Every structure is written in structure tokens, then in C-alpha cells.
Amino acid sequence: MTATSRAEELTGRLAAVHRRIDAALLEAGRTDRPRLIVVTKYFPVADLRILAELGVADLGENRDQEASAKAQELADLGLRWHFIGQLQSNKARSVARYAHAVHSVDRASLVKALGKGVAAERETNPEGRALDCFIQVDLSGADGATEGVSGHQRGGAAPEKVNTLGHLIEGTDGLSLAGVMAVAPLGREPRAAFEQLATISALLRTEFPAATGISAGMSGDLEAAVAVGATHLRIGSQVLGERPPLG
Ligand SMILES: *Cc1c(COP(=O)(O)O)cnc(C)c1O
């Protein structure tokens, strides 16, 4: 495909996503627009450049090695990088270098590692901003509805651990509690899962009123996420097409 036709394709696909968001907002009676994070994992930098030219400012990536290389290559574009994948603590230092937000904070050891990463980063860049942290919640439930389904290992803290993690994040220099995040589990109605996430968010906000973020909604279920008040949508395949195989 030529660069021009790829640009045309992405223009059309992005417009279609915005039309879906518009319709979902209308249906939900909302006037506030969620932030669209385009998930560019596995796609080449050339596509990311096209998206930036189309006005996309927020990109989502789920592997540190790939994300840090892309962020470095596109450093001049002022993009915001959202880390959305399961994160090993030993990658926290690297992620702190380029990420605007981490959507997959799900355990105390990772909070600690991210805090250290930001602190180390500030030694070279004292003006650095705080890193936004979304607590990823595992919505698969105690009933084991999705137990044994392959692909279920997507991380996430148990719902009852969320406020404790919130305290840890808010008590860590350089980290800012942004809100909650979830992926609708396989085998569960996305609307019901996201309603549970909204309830968890409300409970978190009783202690941390500024933690208003709800990161939910992918290509297949963005309407359900908009209906429950999602503030951040993470959309990949509907904008970019089917992901190339991991290479
Ligand atoms: C890949 C991914 C997305 C985007 O999924 P699509 O179905 O391609 O829109 C969103 N969130 C997370 C956590 C992902 O890993």
C-alpha cells in the first residue's frame, strides 16, 4: 500500500470511530467527550506519524521495548504515551522515561517500582511531571466465569484492593492517581462489567475525589464504556485494522 492510500484509510477509519463515539455520547446523554487513545501496538512508526498528522495526540502501547523505541523516534511530535499492558517491575524505570500515563497499575510492588523510576528520571529532568496511574481492576469475578479461558491472564487487581492501591499511589512522590481501568473479561457482558467498574470508581472517588478517570472501552465495546461514563477509550483495530502478527 502506498503512503497516501494508508493515510486515506486511516483518515476514514478514524472518522468512523469518532462517529461511533458521537452516537454513543448522544445515546448516553453525555456532552463531555472521552479522550481517545489510539492503540498502535505492533504497527509501524509510519502509521503513528500519519495519526499524529490527523490530530491524534494520545497513543497506547503495551510492550516497553516497542513503546520506548517509538517514543524516542517520535519525540519531536509531543505525543502522549499511554502504557496499557502488563508491566514487569524491572521495566518501570524505562516506562517512566516516556509515559504520560500507565493504565495497568495492579500491585504494590509495581507502584513502588514506578515511584523509583520517576524519582530516577527527575534526577536528569527535575521539571518532569507526575506520572498518571490508573489502577487496573480484574473484573472476571470470584465466580470464575472466565477461569481457564486462555487469554484471561491480563492482569488487574481484585476490586477490594483498589482503594488500598489508591493510597499507595497517592502516597508516592512523582505518581498521580488518575482513576481506574479495566478490560471487559471474556464471557461477561461488557456493559455489566463496565457498570461494576463505574461503581468501583465511585468508591475510589469517595476517598480521592480527583481520581475521576475511567479507562474502558476497546474497538468491540466502546458504546458500553461510553454509557457508563468512560473518560478514556483505548481503540486499536478499528483505527488501524487487524494487528500484524507478533514479530
Ligand atoms: C490491544 C488493547 C486495546 C485495543 O484493542 P482493540 O480491540 O484493537 O481496540 C485496548 N486495551 C488494551 C489493554 C489492549 O491490550
*asked:* If Ile214 meets every condition in (1) away from the ligand (no atom under 13 Å from the Cβ); (2) more than 24 Å from Gly166 (Cβ to Cβ) apart from one, which number is that one?
replied: (2)
*asked:* Here's a check for you: in the range 115-135, which residue that is open to solvent by 30 Å² or more (accessible area, probe 1.4 Å) and part of a loop (DSSP other than H, G, I, E, B) is nearest to Gln86 (Cα to Cα)?
replied: Ala130
*Report whether or not Val111 is surrounded by 12 or more Cβ atoms within 10 Å (Cβ to Cβ) and outside any helix (DSSP H, G or I).*
no
_Here is a list: Glu9, Glu27, Glu61, Glu66. Which entry is away from the ligand (no atom under 16 Å from the Cβ) and on the phi < 0 side of the Ramachandran plot?_
Glu27
*Only residues that are within 13 Å of the ligand (Cβ to nearest atom) and either of a type in the set (Phe, Trp, Tyr) or part of a loop (DSSP other than H, G, I, E, B) (or both): list them for the range 217-231, please.*
Gly217, Met218, Ser219, Gly220, Asp221, Ala230
*Assess whether Arg243 counts as being buried (at least 21 other Cβ atoms within 10 Å of the Cβ), in contact (Cβ under 8 Å) with a residue 24 or more places away in the chain and either assigned to a loop (DSSP other than H, G, I, E, B) or of a type outside the set (Ser, Thr, Tyr) (or both).*
no
*Within the range 175-208, can you find the residues that are open to solvent by 50 Å² or more (accessible area, probe 1.4 Å) and either part of a strand (DSSP E or B) or not charged (D, E, K, R) (or both)?*
Leu186, Gly187, Gln196, Thr199, Leu203, Thr206
*Would you call Gly241 under 16 Å from Asp58 (Cα atoms), within 16 Å of the ligand (Cβ to nearest atom), small (Gly, Ala, Ser) and modelled with pLDDT of 95 or more?*
no
*Does Arg234 satisfy the condition of being among the basic types (Lys, Arg), at pLDDT 95 or above and assigned to a helix (DSSP H, G or I)?*
no
*Which members of the range 209-224 meet the condition of being surrounded by fewer than 15 Cβ atoms within 10 Å (Cβ to Cβ) and of a type in the set (A, V, I, L, M)?*
Ala210
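The values are calculated or read from the model by the stated rules, or taken from the named source; none is laboratory data. Here the structure is a predicted model, which is why all the values come from computation and not from measurement. When we count neighbours, we look across all protein chains shown, and the Cβ atoms used for this are built from the backbone with ideal geometry, even at glycine. Ligands, DNA and RNA are excluded from the accessible area calculation, which covers all protein heavy atoms including side chains. Shrake-Rupley method; radii C 1.70, N 1.55, O 1.52, S 1.80 Å.
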